[in-house]
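K.L.:
Quick one: the structure is below, and I'll ask about it shortly.
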Amino acid sequence: MAHDWMPTSPCGTSCLTDGEPTVGRARAALRLSGAIAVLLVAALSVPVMPVIGRAGRELLAKRIFRAVLRSFGVRLVVRGAEALRAGSSRGALVATNHISWLDIAAINAVRPMRALAKVDIRSWPVLGRVVAAAGTLFVDRERLRSLPATVAELASSLRSGSLVYVCPEGTTWCGQGMGKFRPALFQAAIDGGVPVRPIALRFHLADGRETTTPAFIGTETIVDSVRRVARLRGLVLELTVLDELAPGRAANRKELAALTEAAINSSLDRVTPIPAQRPRRRPATLRA
């Protein structure tokens, strides 16, 4: 841990559910091969991204991320998709609970957008190149001093009309619970004058049972998590797009973060009290 404010999660392998149906080794290997093929196609597409225009890039990204989900046998169920697809000329901070590396694939399969990711992803083989080419913003979680500059860059992107996907927990959780939303990133929505769009993510099996198997948690590597997902049968990723929260709904970033967290918890049937909102003070010239 580089500093006391480094995001941490109590989740580990003990959080993983068991008894889920699995596919055979041959099917799992075929899924992994398919996913690798999709990533290679994505990497080969990087040089053409600047010349195919925004609409072309979004269509390409949507098809790539849908292919990633299909290659792992994941069925995506979306509620409220039209709300996310609307308003293409206005920026918004898209905030979700964070469970798995599949989260960003699901979001972009519905509406491609920029993302805020940890800086070490940029050095990942193949995938790092694709992520960077997609316009991803990077945050160095180990250097707290870099956070104000990251928030300023994020606000500028939002102000220019971009949708940017963030995970305010700062790290992944198993899905049976959710971490506190860190308020720093919500300052970008306030500074950019754009709304926050909460999205709730939940993983379950074909029979409706919730599962934590897709979670990327603890000290495991990305390879461990990918292999576990490849063996899972009947995985469903449920994505629910919630109502926007205008920055004016809250007096400050802490309240905006708490409102977003409460909205997602409520959608996941983990009801938490709606945080008290302090009345905004009117300018002296408007007071009675």
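K.L.:
Within region 53-96, work out how many residues are touching a strand residue (DSSP E or B) at 6+ places or on another chain (Cβ under 9 Å) and at positive phi.
P.N.:
Number of matching residues: 3.
K.L.:
To continue, here is another question. Being under 24 Å from ARG75 (Cα atoms) and surrounded by fewer than 20 Cβ atoms within 10 Å (Cβ to Cβ) is the filter here, so list the residues in region 115-130 that pass it.
P.N.:
Selection gives LEU127 alone.
K.L.:
Restricting region 1-59 to residues that are part of a loop (DSSP other than H, G, I, E, B), modelled with pLDDT of 85 or more and acidic (Asp, Glu), which is most open to solvent (accessible area, probe 1.4 Å)?
P.N.:
By that ranking, first place goes to ASP18.
K.L.:
Of the conditions (1) of a type outside the set (Ser, Thr, Tyr); (2) modelled with pLDDT under 90; (3) open to solvent by less than 40 Å² (accessible area, probe 1.4 Å), VAL151 clears all except one; give me its number.
P.N.:
Here VAL151 meets the rest and fails (2).
K.L.:
Filter region 86-134 for residues that are polar (S, T, N, Q) and at pLDDT below 80 and give the result.
P.N.:
SER88, SER89, SER123
K.L.:
Could you go through region 103-110 and let me know if any residue there is on the phi < 0 side of the Ramachandran plot and surrounded by fewer than 19 Cβ atoms within 10 Å (Cβ to Cβ).
P.N.:
no
K.L.:
For residues that are surrounded by fewer than 19 Cβ atoms within 10 Å (Cβ to Cβ) and in contact (Cβ under 8 Å) with a residue 40 or more places away in the chain, tally how many sit in region 60-72.
P.N.:
Adding up the residues that qualify gives 2.
K.L.:
Right, something else. Do any strands (runs of 3 or more DSSP E) lying entirely in region 125-205 carry at least 2 residues that are touching a strand residue (DSSP E or B) at 6+ places or on another chain (Cβ under 9 Å) and farther than 18 Å from ALA246 by Cα, and which ones are they?
P.N.:
So the answer is 137-139, 196-205.
The values are calculated or read from the model by the stated rules, or taken from the named source; none is laboratory data. Nothing here was measured: the structure is a model prediction, and the numbers come from that model. Positions of Cβ are generated from backbone atoms using ideal geometry, with glycine treated the same way; all protein chains shown enter the neighbour counts. Side chains are part of the model used for accessible areas, which takes the heavy atoms of the whole protein and leaves out ligands, DNA and RNA. Shrake-Rupley method; radii C 1.70, N 1.55, O 1.52, S 1.80 Å.
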